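Working notes, structure below.
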Amino acid sequence: MIVATKQLFSHAYGKYAIGAYNINNLEQTMGLFQGNIDSKAPFIIQLSKGARSYTNKKMLEAMIRTADEIFPDAIFAVHLDHGDEETCMDCIKSGFYSSVMIDASAEPFEKNIEITKRVVDAAHARGISVEAELGKLGGVEEHVSVAEADAKLTDPAQAEEFVKKSGCDSLACAIGTSHGAFKFSGSQGLHFDVLAAIQKRLPGFPLVMHGSSSVPQDEVARINAAGGQLKGAKGVNADEFKRAATLGVTKINIDTDGRLVWCRVHRESFRDDPKNFDLRPPGKVFMKEYAKFIAEKNVKLGSAGKLEDVRVMLKSAK
Ligand code: G3H
Ligand code: 13P
Ligand code: ZN
């Protein structure tokens, strides 16, 4: 069942985080639904601009609708990940999305507010909520001075002003993470001090953590042992998710880790069975492994086991 993102947020806020997983194809879709059902978790499906044009956005929508029929117990929201203004408007008009993300974080502060506000006005007119972004995502390297590091992270006072002026419903904050498999070069981690300061200024307001893949070292080692070259890849400590959730992080975005599962399964499959040219054997293994990965991630997020509570909340809200 597709539900409003804000309904999931209101249930999770301060207690656990909802996993927001990017999908691109059939195997990921099947594994994603299976993993969330196995772990009894509500979840968010994220579609990026690149995913929408990988085949055709209609193909993705059709796969999600069909998965909803195959897994009738699933409760999830559909979200546009890192949208520009044009893509946000397209998703808002389509009527398929629970929420959109407008990412104007590369723009100056006032321009970011202006663009976000236009998307918010269009989205709210149709009952859709909006995630915006403030700050520059990117791992803060050890050689970077404190002043330079602070400039990259979200400024708590600006976050408060941004939310009030733009009217957005959730905010992606830069607290030291970055996208992809190479997040940290040393012992850096999440800036919980910044997160706490943002929550103090925006109590009860859902915050979003992008770039939250853990890049498990055993996964990287298996990929490299099967011919990959991911030396030095490093991610976020998943044991910190629950602490982030108590500080207002309600949505945690994970894409890279799922890609690593895909990479490991396919590299090992072709290494171990070089005569195989059939797509189904590795595809079958991938769906199973992806489901396992999702279920394990939901335990770290605290969303595992929350599905029936969310169902009860949705029923009582009717
Ligand atoms: O943050 C970006 C997500 O990982 C989606 O990546 O734009 O390559 O689909 P993508
Ligand atoms: P990762 O690259 O850490 O998986 O982050 C994904 C993300 O933030 C999607 O918006
Ligand atoms: Zn992101």
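Couple of notes before you dig in:
- What the pair-distance distribution of segment 1-70 shows, using all Cα-Cα distances binned every 10 Å from zero, is 19, 51, 27, 3 percent.
- Taking only the C-alpha atoms of the chain, the Rg (one decimal) and the largest Cα-Cα distance, Dmax (whole number), read 19.1, 60 Å.
- Separation of alpha-carbon centers, segment 70-116 and segment 156-181, rounded to whole Å: 14 Å
- Listed peptides 101-111, 11-21, 161-171, 55-65 by packing density, highest first (mean Cβ within 10 Å): 11-21, 161-171, 101-111, 55-65
- Our note on the geometry: Cα centres of segment 253-318 and segment 188-249, 18 Å apart.
- Calculated [θ] (222 nm, deg cm²/dmol) that DSSP helices of n ≥ 4 give over the chain, each run adding -39,500 (n - 2.57): -15500 deg cm²/dmol
- The ellipsoid that matches the Cα gyration tensor of segment 178-222 has semi-axes, each √(5λ) in whole angstrom, of 28, 12, 8, with the longest given first.
Bear in mind these aren't lab numbers, they're just calculated from the coordinates by the rules spelled out. The model shown is predicted, which means the values in this text are computed figures rather than measured ones. Heads up, the Cβs are rebuilt from the backbone with ideal geometry, glycines too, and the neighbour counts pull from every protein chain shown.
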